[in-house]
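Novice: Okay, handing you the structure first.
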Amino acid sequence: MALAPPEFERKILAPADVAHWAARLARPLVFTNGVFDVLHRGHATYLARARSLGAALLVALNGDASVRRLRKGSGRPVNALEDRMALVAALESVDAVTWFDEDTPAALIAACRPEVLVKGGDWPVARIVGASEVRQAAAAFNQMRERIRRQIAQRTEMLAGVSHDLRTPLTRMKLALALLGDGADTADLKADVAEMEKMLVGYLAFARGADRGGAPRGAGERRRLAARAHRRRARGARARRRRAFDSVRAPALDHGAAAARRRRRLR
């Protein structure tokens, strides 16, 4: 009975497909490379610590011909590439394993664009292949993050100004209505001002993304907001019609009462 390959062998990925599988790896991505011929405790510790620096760890192994060109000694590698990759893939800290036949993994690093590049402490930074590319990518990322922060700060400042400019006339209207006292007309006006203030608060919350932590709204929620705004406009229109009717009704009633009094006198 044939047994299925171990699950960890799914981590072994062909370098020819790097553009496809690199996009699926979690970010920030940690990249390291080496021979990993006779795997020992130091290797396991090194890889576990490398994994802690990001969200996923990609390990690239030198192919057998590449190892021989490194002149690590006769009989190296002791273990063939397939065996070395299987042992590294079996480690819990490793998320993906690939290989390169060139002398350096420069092409792999350029293709997968890791955020973190790790080598052993005996390697000076100047000799680490891909260090300059990763530094450039990190610098570009930091610049982009700073631009986003500036845009957020500018938007926050702009919204604060909008809030002040719109709240000031509303506050003045509320004070003026408070001085007019209570009445049917003032009650409707107070309701309109309260509705305007509620809409202002809702707009500012929408612009800041306060209710969703800045997450973009979906089409369904936009439809609900549009329906809510339509209902508010409809209520405002009804209130205006009611005030217009009341303004006509009162003089009409007064005129009718005066006409009735004249008719009684004529009798």
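Novice: Quick check on my filter: what residues within region 74-118 are touching a Leu at 6+ places or on another chain (Cβ under 9 Å), touching a residue at least 24 places away in the same chain (Cβ under 8 Å) and in a helix (DSSP H, G or I)?
Specialist: R84, M85, L87, V88, L108, I109, C112
Novice: Pick out the one residue from D101, D83 that is of a type in the set (D, E, K, R), on the phi < 0 side of the Ramachandran plot and either touching a helix residue (DSSP H, G or I) at 6+ places or on another chain (Cβ under 7 Å) or surrounded by 15 or more Cβ atoms within 10 Å (Cβ to Cβ) (or both).
Specialist: D101
Novice: Do you know which residues across region 81-116 are within 17 Å of H20 (Cα to Cα) and β-branched (V, I, T)? Don't jump to the end; show me each part of the working.
Specialist: Residues of region 81-116 that are within 17 Å of H20 (Cα to Cα), as a first pass: 95-100, 107-114.
Hits for region 81-116 are V97, T98, I109.
Novice: Could you list, in sequence order, all residues of region 26-62 that are crowded, with 20+ Cβ neighbours inside 10 Å, outside any strand (DSSP E or B) and touching an Asp or Glu at 6+ places or on another chain (Cβ under 9 Å)?
Specialist: Those that are crowded, with 20+ Cβ neighbours inside 10 Å, outside any strand (DSSP E or B) and touching an Asp or Glu at 6+ places or on another chain (Cβ under 9 Å): R51, G54.
Novice: On the basis of being without any contact (Cβ under 8 Å) to a residue 12 or more places away in the chain, under 21 Å from T104 (Cα atoms) and of a type outside the set (S, T, Y), does D17 make the cut?
Specialist: Working: without any contact (Cβ under 8 Å) to a residue 12 or more places away in the chain: yes; under 21 Å from T104 (Cα atoms): yes; of a type outside the set (S, T, Y): yes.
Yes, satisfied.
Novice: Of everything in region 63-80, what is buried (at least 18 other Cβ atoms within 10 Å of the Cβ) and among the hydrophobic types (A, V, I, L, M, F, W, C)? Give them in sequence order.
Specialist: If the condition is that a residue be buried (at least 18 other Cβ atoms within 10 Å of the Cβ) and among the hydrophobic types (A, V, I, L, M, F, W, C), then V67 is the only one that fits.
Novice: So, one more: State whether one or more residues within region 252-265 are at pLDDT below 70 and either within 50 Å of the chain's Cα centre (by Cα) or not small (G, A, S) (or both).
Specialist: Yes.
The values are calculated or read from the model by the stated rules, or taken from the named source; none is laboratory data. Because the structure is a prediction, the values reported are computed rather than measured. Here the Cβ is made from the backbone with ideal geometry for all residues, glycine too, and neighbour counts use every protein chain on show.
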